[in-house]
Amino acid sequence: MPWVEMDNLKHLGPPLILKISIFLFCLAAAVIGQIRYSIPEEMRKGLFVGDVAKDLGLDIKRLVSGRARLVTDDKHQYVALNQNKGQIVVNERIDRETLCAQKSPCSFTLEIVLEDPLELFSITIEIQDVNDNAPVFPENEINLEISESTLIGTVFLLNSAADPDVGINSLQRYSLKENKYFVLKQHTRSDGSKYPEMMLQSNLDREKQSEHTLILTAADGGEPQKSGTVKINISVLDANDNPPIFTQSSYTASVLENVLTGAVITKVSAEDADQGYNGNVTYSFTHQQEESLCPFEINPNSGEIKLTGELDYEISSSYEINLQAKDPWGLAGASKLLIEIADVNDNSPIITMASYSGKISEDSPPGTVVALISVQDKDSGRNGQVHLTLEKNLPFKIKSSLRNYYTLVTQQILDRETQSKYNITLTATDEGFPVLSSRKVLGLEVTDVNDNSPAFIKGIYNTQVLENNLPGVSLLRIHATDPDLGQNARISYYLIDSEINGNPVSTYFSVNTENGDIQSLRSFDYEQLKEYKIRIQAQDGGSPPLRSNTTVIVHVLDQNDNPPQVLYPVQTGGSVVAELVPRSADVGYLVTKVVAVDVDSGQNAWLSYKLQKATDRALFE
């Protein structure tokens with residue numbers, strides 16, 4: 001894993017080194033990277049954090065075109081992204097103690113999301129502590145009552161100071177103002193915190209000196225060093241021989257985080273060998289840095305410990321409490337109580353859409369990323385392990401991603417004409433008991449592409465028109481349909497170029513581009529041409545446009561617009577045709593045969609013959 005070192009922050013003491021860890025790997029259609037920066041707390045707004053464009057090898061234009069943005073689970077936007085420079089800068093003052101308390105190292109994680117194509121980069125920003133807090137004691141004075149018969153070597157517990165800084169900047173040592181009666185002993189707890197004890201090194205004599213005043217100092221290890229003090233007032237009491245002694249040097253208790261307020265957690269006990277009033281024991285907590293943060297109280301008389309507030313495993317998984325048992329004369333015994341909090345499954349998973357447009361093109365290939373989804377569960381262990389599932393019978397699937405991130409991708413080609421919208425139900429389920437889950441419904445619109453050609457209702461259309469029609473008469477209106485949407489479904493109609501009797505078809509017919517109405521451009525003559533075949537094309541408005549054709553047959557109907565023509569006997573000019581008949585001709589003799597034709601059709605061409613004019617109608621028929 002490569003590291004990049006930068007020496008560019010000098011405003012808060014010695015130069016600080018920012019370390020960037022970059023780890024790249026591929027997932028679905030997105031390239032996912034991981035970067036780590038380290039900055040000190042308390043930086044001013046606008047100061048430089050890191051050059052993500054350079055560190056990830058991204059072009060500034062890619063950040064702008066991909067609408068790069070920061071996604072974080074925290075309500076605070078500590079840093080901001082400058083798209084024009086490809087840099088992350090401080091957006092608001094970061095107080096490490098507010099962000100992480102005593103947790104070290106202290107960091108927060110966010111993601112940079114880019115779109116078209118979708119890319120996800122994880123960024124971890126570590127906050128380095130600066131020495132901005134001095135150790136503080138919970139009280140200005142410590143009042144102790146100590147019997148003059150107290151044995152040399154007796155130890156007295158003192159209140160600890162609190163320093164919210166960590167590491168070398170946290171509380172490092174205690175010191176006691178030099179005196180001949182007491183010396184200071186410093187101890188370290190299992191969590192690394194330090195607490196003081198004061199040990200008697202010389203016998204007290206109340207008759208010589210009944211009051212002692214000491215100064216306890218707590219100092220951290222920062223540069224410059226900071227410290228806090230507390231005044232110790234000691235009242236010397238008359239003799240009391242035996243201090244209380246706890247029955248155990250340490251106590252352990254375990255409790256579920258959902259236990260009700262007021263529940264008894266455990267009970268401690270101490271014994272004092274003295275009799276009567278001197279043997280009375282009272283119990284208390286000591287070394288509490290902030291009383292409000294301890295959700296427990298101890299009954300000073302019985303040693304019973306109860307819950308006074310709410311427990312949350314996700315905030316604190318254990319509490320270490322120092323116990324003190326004191327008799328009426330100030331002799332005290334000490335012990336320790338460790339309360340371990342057991343996690344219960346009390347947090348449902350939270351589904352957040354890190355990137356989602358709500359639309360997808362129907363020609364998107366399988367594997368296209370529809371959404372980037374974040375699922376978080378504040379519980380721990382198996383209670384915090386989550387799974388994201390999708391309802392069945394949908395053309396989508398869930399793919400696991402980085403750090404509780406998932407991608408919703410297509411697993412087959414979509415068809416808007418079959419289904420134009422999907423309601424996708426996401427279910428996040430944890431592994432706790434009882435199982436907790438949450439749902440989120442996404443509405444996804446499938447956008448249209450021009451993937452359907454116009455379709456005519458008929459492959460061949462037939463229509464009729466009487467000959468001698470007027471030009472411009474409407475012959476037929478054809479119609480095609482297109483299941484696409486919008487401009488892709490807008491249909492225009494055109495004549496396909498061809499010839500009729502050597503003339504372009506466009507001189508005979510026209511078609512209305514918008515509605516498919518076909519009109520004649522000239523008068524037709526049945527005797528010249530009885531039928532016309534033309535080809536019509538329907539074209540949609542998509543890009544590229546799609547087309548389909550159909551055939552229209554126009555049948556010309558005959559009208560009786562032609563008189564019969566006599567073919568025989570042949571008459572030339574205005575001459576009269578002469579036929580010779582023998583005088584001996586009998587009745588029924590064939591004088592001649594008249595042959596006539598009519599170029600019309602059907603009944604219009606049926607002929608009948610009669611004598612129009614005769615000198616003697618009785619002689620011929």
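The values are calculated or read from the model by the stated rules, or taken from the named source; none is laboratory data. Please read these numbers as outputs of a predicted model, since none were measured by experiment. Counting neighbours? That spans all protein chains shown, and the Cβs are built from the backbone with ideal geometry, glycine included. The protein model used for the area step is the full one, side chains on, heavy atoms only, and it has no ligands, DNA or RNA in it. Shrake-Rupley method; radii C 1.70, N 1.55, O 1.52, S 1.80 Å.
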Give, rounded to the nearest 20 debye, the magnitude of the charge dipole that the chain has about its Cα centre when Lys and Arg contribute +1 at Cβ and Asp and Glu contribute -1 at Cβ. 2000 debye
Nearby aspartates and glutamates by direct alpha-carbon distance to residue 226 (threshold 12 angstrom, same-chain neighbours under 8 apart not counted): 132, 163, 165
Just reorder 108, 524 by solvent-accessible area, largest first, 1.4 Å probe, all chains present. 108, 524
What lysines does residue 397 reach when the alpha-carbon gap must be under 20 Å and sequence neighbours fewer than 8 apart in one chain are set aside? 359, 421, 440
List, in order, the whole-Hz ³J(HN,Hα) value for each residue of the range 116-130 obtained from phi through the Karplus relation with A = 6.51, B = -1.76, C = 1.60 and θ = phi - 60°; use x for Gly and Pro. 6, x, 6, 9, 10, 10, 9, 10, 10, 10, 8, 9, 7, 6, 10
Computed [θ] at 222 nm, deg cm²/dmol, the chain (DSSP H ≥ 4; -39,500 (n - 2.57); rounded to nearest 500): -500 deg cm²/dmol
How charged is the neighbourhood of residue 340? Take every other residue with its Cβ under 11 Å from the Cβ of residue 340, and add Lys/Arg as +1 and Asp/Glu as -1. -3
How would 435, 155 line up by accessible area, probe 1.4 Å, largest first? 435, 155
Under unit Cβ charges (Lys, Arg +1; Asp, Glu -1), what dipole magnitude, rounded to 20 debye, does the range 251-370 have relative to its Cα centre? 100 debye
Could you rank 427, 247 by how accessible they are, 1.4 Å probe, largest area first? 247, 427
With every protein chain in place, the accessible area of residue 329 for a 1.4 Å probe, in Å² rounded to the nearest 10, comes to 80 Å²
Within straight cross-link reach of residue 231, meaning Cα distance under 18 Å, which lysines are found once same-chain residues fewer than 8 apart are removed? 177, 180, 185
Going toward the positive end of the dipole of the chain, with +1 on Lys and Arg Cβ and -1 on Asp and Glu Cβ, which of 181, 578, 510 do you reach last? 578
Loop only per DSSP, at most 12 neighbouring Cβ atoms within 10 Å: give me the GluC sites (Glu not before Pro) in the range 496-557, ordered by residue number. 514
So for R0 = 56 Å, FRET eff. of residue 497-residue 413 from the Cβ-Cβ r, to 0.05, ends up at 0.95
Tell me, what is the 1.4 Å probe accessible area of residue 187, in Å² to the nearest 10? 60 Å²
Roughly how many whole Å is it from the C-alpha centroid of the range 531-579 to that of the range 382-428? 65 Å
Which of these values of log10 I(q)/I(0) by the Debye sum over Cα atoms at q = 0.09 Å⁻¹ was calculated from the structure shown: (i) -1.06; (ii) -0.97; (iii) -0.75? (ii)
Heavy-atom accessible area per residue - the range 32-146, 1.4 Å, Å²: 46 Å²
Using alpha carbon centroids, what distance separates the range 120-170 and the range 344-376, in Å? 46 Å
